[in-house]
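See below for the structure under consideration.
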Amino acid sequence: MNLLILGHAGSGKSTLVKNFSEFLRGSYSVKTVNLDPASTPCYTASIDSRKFVRTEDIMKRFNLGINGALMKSMEMLKDYIDHLIVKDDIVLYDTPGQLELFLFTDFGEVFSERLGKDTTAIFLIDSGLCRSPEKYLSAIFQSAVISLRTGVETITIFNKADISSPPKFEEVVEYIEQEEGVLPELLKGILPFRELTSLRFREMVISARNGTGFDELIGMINEIHCSCGDLS
């Protein structure tokens with residue numbers, strides 16, 4: 001079973017990989033893979049992309065700035081995809097800090113295809129950055145895009161429950177219905193995208209730092225990978 005951990009910088013991806021993998025090892029054989037050539041992981045990775053490509057070396061070699069070096073790193077890392085894919089009961093793939101480096105590059109597309117059907121994407125959202133209806137719905141829209149780009153079932157998770165909580169969906173809908181203007185109309189157009197995400201079944205809030213919600217998370221993952229594949 002493959003778990004693609006996706007999210008924006010600072011959403012807690014590496015912390016989730018570190019602590020969730022430790023939690024899972026109580027019941028499963030688990031491997032972790034670092035796909036970020038610019039960052040040394042905070043856990044002991046079974047496979048580390050930095051063994052093959054290091055962004056700081058790319059900056060020096062090609063005289064590039066950080067953004068150009070990041071893009072070049074992902075381009076070069078594509079040649080090592082076969083070395084980055086491993087097998088186990090559960091494999092957690094920690095994607096780059098910048099979401100677009102995986103989601104909108106050839107590397108991400110090819111890597112997702114190589115992983116195959118036994119894969120679930122986990123889109124991690126910083127709860128503290130989703131306090132307004134606008135930011136909440138923006139995150140929902142991005143979750144739908146992730147499913148489209150990766151071609152796999154995506155679980156949308158609000159992280160950092162120990163610090164903050166996202167607004168309730170009912171509160172977001174109520175806000176939009178009461179407001180007038182261009183922005184509320186735009187938000188109304190985004191509302192249906194919720195039906196394309198796991199939020200249509202349940203809203204999951206976790207803390208990657210202290211493990212809150214880990215039992216529910218592995219339960220949802222197992223539901224996706226059961227024969228029925230029905231989260232309801």
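Observations on the structure shown:
- Per-residue Cβ neighbour counts within 10 Å put 135, 160 in the sequence 135, 160, beginning with the fewest.
- Using C-alpha pairs below 8 Å separated by at least 6 residues, the relative contact order for segment 60-162 is 27 percent.
- Whole-Hz Karplus values for segment 75-86 come out as 4, 6, 5, 4, 6, 10, 4, 4, 7, 9, 9, 10 Hz, taken residue by residue from phi with 6.51 cos²θ - 1.76 cosθ + 1.60 and θ = phi - 60°; glycine and proline positions read x.
- The chain, relative contact order in percent, only Cα pairs under 8 angstrom and at least six apart counted: 23 percent
- When each of 54, 194 is scored by the number of other beta-carbon atoms lying within 10 Å, the sequence from fewest to most is 54, 194.
- For segment 138-178, convex hull of alpha carbons as volume per residue, Å³: 89 Å³
- Expressed per residue, the C-alpha convex hull volume of segment 62-128 stands at 105 Å³.
- Rg ratio for the chain: its Cα radius of gyration over 2.2 N^0.38 Å, N being its residue count, equals 1.03.
- Burial ordering of 130, 226, fewest other beta-carbon atoms within 10 Å first: 226, 130
Since every read-out is calculated from the coordinates, none of them should be taken as a lab result. None of these values were measured; they are calculated from a predicted model. Neighbour counts run over all protein chains shown; Cβ positions are idealised from the backbone, glycine included.
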